[in-house]
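One structure is given below, encoded as structure tokens.
The values are calculated or read from the model by the stated rules, or taken from the named source; none is laboratory data. Because the structure is predicted, anything quoted here is derived from the model rather than measured. Neighbour counts are summed over all protein chains in view; Cβ atoms, including those assigned to glycine, are modelled from backbone coordinates with ideal geometry.
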Amino acid sequence: MPKLPSLSQFSLPAQHLLSGLTAAIGVLLVALAAAAIGGFHAAAAAAVGATCISINHAVAHGIPDDTRIQPGDMVNIDVSAEREGVFADTGASFIVPPVRPEQEHLCQTTRKALNRAVQAVRTGQKLNAIGRAIEQTANHHGYTVIRNLGSHGVGHSLHEEPGFIPGFYDPRDKRMMQEGMVFTIEPFLSTGAEHADDHDDGWTLITEPGILTAQYEHTLVVTKRGPIVVTL
């Protein structure tokens, strides 16, 4: 990762956004740890936030309830937080021991896809370079990409411009990364699914039982020197 530039290099609006993101990320890290051990109360006192917990074939947007996590489960925790009008978003997949090799390999590859996509970020680059990096990594290791889930703009709201950023290469997407642009990168790699369907609860997104999916997510800021990853 590049050395973080000074806030003074950015415009005043960008400085405010970066400062707010830094504060929100502190909340996110506490929230992610709190969610991992069963609650979001530690972060709730500092900011407004939400946690989605998705287990096994639930891919995303899982609503926390009284479900008991079992040995061998794959659990995705996705946390968003808002503080002083600025939002940030992060997530990760975890495996409850005993860990099966196919679970570990999927998680390792999804992290690799995220890292390669982050490396593609810089001012003047096409946004579809993100999807290209994710899809190439997935294809190389024999995985599919969930095509109706992807990255998104974030900052003064949880979802904003540049809007939806596919996790696959779309040559028709001509959008460019601009200095100071803020968005997430979140690959969803799967052992066979290409689409996540609505669950009966109207919110959780699922695949067929038995299909594994992993997701990792960072919020970052685009600069001419490369990305500032604010969820490390």
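Points to keep in mind about this one:
- Per the listing Thr90, Thr109, Thr123, the residue uniquely at pLDDT 95 or above, among the polar types (S, T, N, Q) and touching a helix residue (DSSP H, G or I) at 6+ places or on another chain (Cβ under 7 Å) is Thr109.
- Of all residues in region 174-201, those that are touching a Gly at 6+ places or on another chain (Cβ under 8 Å) and not in a strand (DSSP E or B) total 4.
- Within region 209-223, the set of residues being surrounded by 12 or more Cβ atoms within 10 Å (Cβ to Cβ) and not aromatic (Phe, Trp, Tyr) comprises Ile211, Leu212, Thr213, Ala214, Gln215, Glu217, His218, Thr219, Leu220, Val221, Val222, Thr223.
- For region 124-146, the criterion of being of a type in the set (Gly, Ala, Ser), closer than 13 Å to Ala214 by Cα, in contact with a Leu (Cβ under 9 Å, 6 or more places away or on another chain) and touching a residue at least 24 places away in the same chain (Cβ under 8 Å) is satisfied by at least one residue.
- Each residue in region 132-147 was checked for being surrounded by fewer than 21 Cβ atoms within 10 Å (Cβ to Cβ), in contact with a Phe, Trp or Tyr (Cβ under 9 Å, 6 or more places away or on another chain) and in a loop (DSSP other than H, G, I, E, B), and 1 pass.
- Scanning region 55-74 for any residue that is touching a helix residue (DSSP H, G or I) at 6+ places or on another chain (Cβ under 8 Å), modelled with pLDDT under 95 and among the aliphatic types (A, V, I, L, M) turns up nothing.
- Residue list for region 46-85, restricted to those being of a type in the set (S, T, N, Q), surrounded by 15 or more Cβ atoms within 10 Å (Cβ to Cβ) and farther than 20 Å from Ala193 by Cα: Thr51, Ser80
- Of everything listed in (1) surrounded by 15 or more Cβ atoms within 10 Å (Cβ to Cβ); (2) outside any loop (DSSP other than H, G, I, E, B); (3) more than 17 Å from the chain's Cα centre (by Cα), the single unmet condition for Tyr169 is (2).
- Test result for Gln178, within 17 Å of Ile228 (Cα to Cα) and of a type outside the set (Phe, Trp, Tyr): yes
- Set Glu82, Glu102: member being under 24 Å from Thr184 (Cβ atoms) and either out of contact with any strand residue (DSSP E or B) (no Cβ under 8 Å at 6 or more places or on another chain) or in contact (Cβ under 8 Å) with a residue 40 or more places away in the chain (or both): Glu82
- Residue in region 156-166 that is on the phi < 0 side of the Ramachandran plot, acidic (Asp, Glu), in a loop (DSSP other than H, G, I, E, B) and out of contact with any Leu (no Cβ under 7 Å at 6 or more places or on another chain) present: no
- Within region 197-208, residues that are touching a residue at least 24 places away in the same chain (Cβ under 8 Å) and surrounded by 11 or more Cβ atoms within 10 Å (Cβ to Cβ) sit with their Cβ atoms under 7 Å from residues that are of a type in the set (S, T, N, Q) and not in a loop (DSSP other than H, G, I, E, B), at 6+ positions apart or across chains, in these pairs: Thr204/Ser54; Thr207/Ser190; Thr207/Thr213.
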